[in-house]
Amino acid sequence: MGYRPVIGISPSRSEEQHRLSLAENYLNAIARAGGLPIVFPSSITDESTIDEMLDRVDGVLLSGGIDVHPRYFGEEVLPGCGSIDETRDAFELALTRKAIERNMPVLGICRGVQVLAVALGGTLFQDIESQLGIPNTEHRQEPMDDYKHAVRFKEGGLLERITGDTLMLTNSMHHQSVKDAGEKLIIEGITKDGIIEAVSMAGNEAVFGVQFHPECLETFSDPAARIFAYFVKKASEYRA
């Protein structure tokens, strides 16, 4: 077996229990795509340490989790905003910006696409139900290994080229979403109710994100599996 690109994955953390946690689906999806997954310590915010972490990986996967603090995109906390972890926010925002400065591949999933947007100057809807009138049930489901809705990708865009689909069936588990993608991100996919579900970075197709959870679909969804295959391929190219 040749060199397997190392993918660092950001986990959730519990302040009260002093624990990190990460669904194994992320690790398995990266491994099946040919990558070597490791878990970042998202409790560490020292920037020199973050730089050293990035020295040792070939790509960054930002996983799902709780809400990004609105202060990072210039807003006060609204009543619909959920739980917040500012330590994880600080870690992931620094990690993302530093990875992008290095032209390192970055994949954001669910919360991760929101972190990517905020890191590049975008904003979020803190709660799609209270701010947009879209029932949160339209974008929540259990279990996650099934389809909830479809995402229409931009014709000729990155996600259409990666997945081979113009309209991809996806799962959904979120109540926040990207509001203003900003100047540095291209909107790659939306749902029929107008929620931004996929973005890529202008001028850098190794940086992209999705609002849905392909790690829960990739064992039976070819388009979901292709997302990880593409990401790992970009990480391999980065190391080369």
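Figures for the structure shown
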{"quantity": "Reachable aspartates and glutamates, given that their alpha-carbon falls under 12 Å from the alpha-carbon of K234 and they are not under 8 places away in the same chain", "calculated": "D58, E205"}
{"quantity": "Inter-site label distance for Q131 and A150 at 7 Å from Cα along Cβ, in nm", "calculated": "2.7 nm"}
{"quantity": "Straight-distance crosslink candidates among lysines, where the alpha carbon sits under 18 Å from K148 and sequence neighbours closer than 8 are dropped", "calculated": "K192"}
{"quantity": "Per-q log10 I(q)/I(0), segment 17-93, q = 0.19, 0.26 Å⁻¹ (Debye; single scatterer per alpha-carbon; no solvent)", "calculated": "-0.96, -1.31"}
{"quantity": "Contour minus Cα-Cα distance for H18 and T87 (0.36 nm per residue)", "calculated": "23.6 nm"}
{"quantity": "For segment 121-127, Karplus couplings with θ = phi - 60° (6.51, -1.76, 1.60), whole Hz, Gly/Pro x", "calculated": "x, x, 10, 10, 7, 6, 7"}
{"quantity": "Inter-label distance, nm, simple model (7 Å from Cα along the C-beta direction), N28/E183", "calculated": "4.4 nm"}
{"quantity": "Proximal aspartates and glutamates to K154, defined as alpha-carbon separation beneath 13 angstrom and excluding residues fewer than eight positions away on the same chain", "calculated": "D165, E188, E197"}
{"quantity": "Label corresponding to P(r) over Cα pairs in 10 Å bins from 0, in percent when calculated from the structure given, among (i) 8, 35, 40, 16, 1, 0; (ii) 7, 24, 25, 16, 12, 8, 5, 3, 1, 0, 0; (iii) 8, 33, 36, 19, 4, 0", "calculated": "(i)"}
{"quantity": "Segment I66-S43, extension gain: residue separation times 0.36 nm, minus the distance between their alpha carbons", "calculated": "6.8 nm"}
{"quantity": "Net length gained if the chain between T219 and A202 were fully extended (0.36 nm per residue, minus Cα distance)", "calculated": "3.1 nm"}
{"quantity": "Dipole moment magnitude, nearest 20 debye, the chain about Cα centre, only Lys, Arg, Asp, Glu C-beta charged", "calculated": "660 debye"}
{"quantity": "Burial order of peptide ranges 52-63, 15-26 (average beta-carbon count within 10 Å, highest first)", "calculated": "52-63, 15-26"}
{"quantity": "Per residue accessible area in Å² of the chain, where ligands, DNA and RNA are left out and the probe is 1.4 Å", "calculated": "43 Å²"}
{"quantity": "³J(HN,Hα) computed for each position of segment 180-188 - Karplus, 6.51 cos²θ - 1.76 cosθ + 1.60, integer Hz, glycine/proline x", "calculated": "10, 6, x, 7, 8, 10, 9, 6, 9"}
{"quantity": "Heavy-atom accessible surface of the chain: percent carbon and sulfur, 1.4 Å", "calculated": "48 percent"}
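The values are calculated or read from the model by the stated rules, or taken from the named source; none is laboratory data. Please read all numbers here as calculations on a predicted model, not as lab measurements. Reconstructed Cβ throughout: ideal geometry from the backbone, glycine too, with neighbour counts over all protein chains shown. To get the accessible areas, we keep the full protein, side chains included, count just its heavy atoms, and leave off ligands, DNA and RNA. Shrake-Rupley method; radii C 1.70, N 1.55, O 1.52, S 1.80 Å.
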